Amino acid sequence: EAGVAQSPRYKIIEKRQSVAFWCNPISGHATLYWYQQILGQGPKLLIQFQNNGVVDDSQLPKDRFSAERLKGVDSTLKIQPAKLEDSAVYLCASSLDPTSVGAGELFFGEGSRLTVL
Amino acid sequence: AQSVTQLGSHVSVSEGALVLLRCNYSSSVPPYLFWYVQYPNQGLQLLLKYTSAATLVKGINGFEAEFKKSETSFHLTKPSAHMSDAAEYFCAVSKTGTASKLTFGTGTRLQVTL
C-alpha cells in the first residue's frame with residue numbers, strides 16, 4: 001500500500017516569495033491534515049480537511065497561508081508571501097474516519113522542508 | 001485545553017539498557033494519549049495509543065507505556081535499547097481519542113550508544 005506522498009522534499013526561497021506544497025494521501029483516507037513542524041518543536045496542526053471540506057483551520061495564518069483539497073483527494077498548501085519564521089517542515093498526514101473512537105492513527109508523509117532566506 | 005510536556009529534549013542510553021521517555025499531560029477531560037516516533041528524514045509513525053481500555057499499552061518494536069492518572073503521566077519504556085531505536089519520540093494528547101485535534105509535545109531525541 002502506497003503511503004502519503006509529498007513534494008517537493010526541499011525548497012529554499014527568499015522572504016516575500018511564494019511556495020506551494022503538494023500532498024497525495026493514502027487511498028481511501030477521507031481526512032487530510034497539514035502540520036507545521038518548526039525545528040525543536042512538535043508538529044502543530046495548520047488545517048484539517050474531511051473530504052474536500054475544512055474541519056479545522058483555527059491555527060492557519062490566513063493572511064499568508066492557504067490550502068485546498070479539490071475533489072477530496074490531493075491537497076495543496078500555499079504560502080504567500082513567505083516570512084523567515086515560516087522555515088519549517090510541512091507534514092501532510094491522512095487518516096480514516098477520525099470520528100471512530102480509537103481510530104487515532106495518523107499516517108504521515110516524509111515532509112517538505114522549507115527554508116526561507 | 002489539552003497539552004503534554006516531555007521532560008528531557010535529549011536522552012542517551014547504552015545499547016541493551018532500559019529506555020524511559022517521560023510524558024506528562026494536562027487535560028480537563030479524560031485524555032487519549034499517543035506516542036509517535038520520527039526517524040531521520042521521515043514522517044511520524046504511531047508507536048502506541050491509550051484510549052482508556054487498559055492502562056498498560058503495548059506498541060510496536062517492543063515499546064510500551066503506562067497511563068497513570070494519579071501522576072498524570074504516560075511514560076514510554078523499552079526494556080532493552082537497540083541501535084535502531086535512535087529517533088525522535090513525540091507524545092501527543094487528544095480529547096477525542098481519534099486522529100483529530102492531536103496536540104504534540106516538543107519531542108525527545110533518543111540516542112543509543114554502543
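Annotations
- Between the C-alpha center of region A:27-63 and that of region B:73-93 there is a gap of 25 Å.
- For chain A, the alpha-carbon coordinates run over 41, 26, 26 Å along the three principal axes, in decreasing order.
- Measuring against 31 Å, Cα to Cα, the residue pairs A:K71/B:K101; A:K62/B:K68; A:K11/B:K68; A:K15/B:K95 contain A:K62/B:K68; A:K11/B:K68; A:K15/B:K95 as the ones spanning a longer distance.
- For chain A, the share of accessible area belonging to carbon and sulfur comes to 51 percent (1.4 Å probe, ligands and nucleic acids excluded).
- Region B:52-68 - phi-based ³J(HN,Hα) in whole Hz, Karplus 6.51/-1.76/1.60, Gly and Pro as x: 6, 6, 8, 6, 9, 10, 9, x, 7, 6, x, 7, 8, 9, 10, 7, 10
- Heavy atoms of A:Y90 accessible to a 1.4 Å probe, total area in Å² rounded to 10: 0
- Computed over the protein assembly as shown, Kirkwood Rh from alpha-carbon pairs, angstrom: 18.1
- For chain B, the spread of Cα positions along each principal axis, largest first, Å: 42, 28, 22
- Relative contact order of chain B, taken over Cα pairs closer than 8 Å and 6 or more residues apart, is 38 percent.
- Shielding by partners - mean other protein chain Cβ count within 10 Å, residues of B:41-50: 5
- Heavy-atom accessible area, 1.4 Å probe, ligands and nucleic acids excluded: residues of region A:39-86 down by at least 10 Å² from chain alone: A:G40, A:Q41, A:G42, A:P43, A:L45, A:Q48, A:D56
The values are calculated or read from the model by the stated rules, or taken from the named source; none is laboratory data. Remember, predicted model here, so these are calculated numbers, not experimental data. Cβ atoms come from the backbone with ideal geometry, glycine included; neighbour counts cover every protein chain shown. Keep in mind that these areas ignore ligands, DNA and RNA; they rest on the heavy atoms of the full protein, side chains included. Shrake-Rupley method; radii C 1.70, N 1.55, O 1.52, S 1.80 Å.
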